[in-house]
Amino acid sequence: MTMSWSIALTVPLVSFLLYYALRDTSEAGQYLTNKIDEAYDYIVVGAGSAGCVVASRLSEDPGVKVLLIEAGGDDRGDQTIMTPGHSHHLMHSKYDWEFYTQPQKHGLRGFDGKRAYWPRGKVLGGTSNLYSMVYVRDHKLDFDKWAERGAQGWAYKDVLPFFLKSEDMTDSELAKSKYHSQGGPMKVSVPHNIPLTDHLIKGGLELGLKISDPNGENMEGCQHYF
């Protein structure tokens, strides 16, 4: 059973927010709209990585209307945001909330006010646009600690099937690992033939590090980012 939401928005808020309604059309360009209907079955606030996935999955049901709200502007046609290697240009831009951490008592001694810059995406796709499309899951121990502290269903063994379901690993060797899979909606590839990275990995090996999969069994070591 779904709940119908009615919304009333003031003019300043309408001018600030970008409304991204997922409709029953086949052309992605037709999804973007600033027209607001009176009611929706679901409203998802925030079009970051998680919000986009939630809205997309909900919209697979043709019988529901989904509204995805994002505070950023329209990025269509902006080649900077479409080119992974240019992601550093997005920091301190209109696509960035430009957050900073709280002043630290024992750390960040070399930072102004002991605060670190904490870029957060203000655009469709959220912060995933600001980090060069790098695919790195959180550490396994983090998930297990969350579960130990009461977050049932969040142990690594519980979330791994969902990582696998979403992934389409293009590297044939990595795809054989139990930590990767193929056929999901998100393509993941491993860049090769990058001379500088190859030299850095060689240096890591000379220091005793091992080649590792940052999303695999042993997450510590050196490897090309996905």
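The values are calculated or read from the model by the stated rules, or taken from the named source; none is laboratory data. Quick caveat, the model's predicted, so the values are computed rather than measured. Counting neighbours? That spans all protein chains shown, and the Cβs are built from the backbone with ideal geometry, glycine included. What goes into the accessible areas is simple: the full protein's heavy atoms, side chains included, and nothing from ligands, DNA or RNA. Shrake-Rupley method; radii C 1.70, N 1.55, O 1.52, S 1.80 Å.
Regarding region 192-208, can at least one residue be identified that is assigned to a loop (DSSP other than H, G, I, E, B), surrounded by 11 or more Cβ atoms within 10 Å (Cβ to Cβ) and under 19 Å from the mean Cα position of the chain (by Cα)? Give the derivation first.
Taking region 192-208 first, the residues assigned to a loop (DSSP other than H, G, I, E, B) are 192-194, 207-208.
Okay, now just the ones that are also surrounded by 11 or more Cβ atoms within 10 Å (Cβ to Cβ), so 194.
When the remaining residues are screened for being under 19 Å from the mean Cα position of the chain (by Cα), the result is none.
Within region 192-208, not a single residue is assigned to a loop (DSSP other than H, G, I, E, B), surrounded by 11 or more Cβ atoms within 10 Å (Cβ to Cβ) and under 19 Å from the mean Cα position of the chain (by Cα).
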(Q) Out of the residues in region 148-159 meeting the condition of being assigned to a helix (DSSP H, G or I) and open to solvent by less than 30 Å² (accessible area, probe 1.4 Å), tell me which one is farthest from residue 49 (Cα to Cα). (A) 156
Q) Do we find that residue 184 is surrounded by 13 or more Cβ atoms within 10 Å (Cβ to Cβ) and over 25 Å from residue 221 (Cα atoms) in this structure? A) yes
Q) Here are some conditions: (1) touching an Asp or Glu at 6+ places or on another chain (Cβ under 9 Å); (2) loosely packed, with under 15 Cβ neighbours inside 10 Å; (3) of a type in the set (D, E, K, R). Residue 112 meets all but one. Which one does it not meet? A) (1)
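In region 64-86, how many residues are assigned to a strand (DSSP E or B) and charged (D, E, K, R)?
Taking region 64-86 first, the residues assigned to a strand (DSSP E or B) are 66-70.
Now restrict to residues that are charged (D, E, K, R): 70.
Looking only at that region, the number is 1.
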Q.
Out of the residues in region 44-53 meeting the condition of being among the aliphatic types (A, V, I, L, M) and buried (at least 17 other Cβ atoms within 10 Å of the Cβ), tell me which one is farthest from residue 163 (Cα to Cα).
A. 44
Q) Do the conditions hold for residue 140, that is, is it of a type in the set (D, E, K, R), without any contact (Cβ under 8 Å) to a residue 24 or more places away in the chain and out of contact with any strand residue (DSSP E or B) (no Cβ under 9 Å at 6 or more places or on another chain)? A) no
Q) Among 133, 219, which is closer than 26 Å to residue 56 by Cα, part of a loop (DSSP other than H, G, I, E, B), in contact (Cβ under 8 Å) with a residue 12 or more places away in the chain and of a type outside the set (D, E, K, R)? A) 133
Q. Name the residues in region 64-87 that are loosely packed, with under 12 Cβ neighbours inside 10 Å and farther than 22 Å from residue 185 by Cα, would you?
A. 77, 79, 85
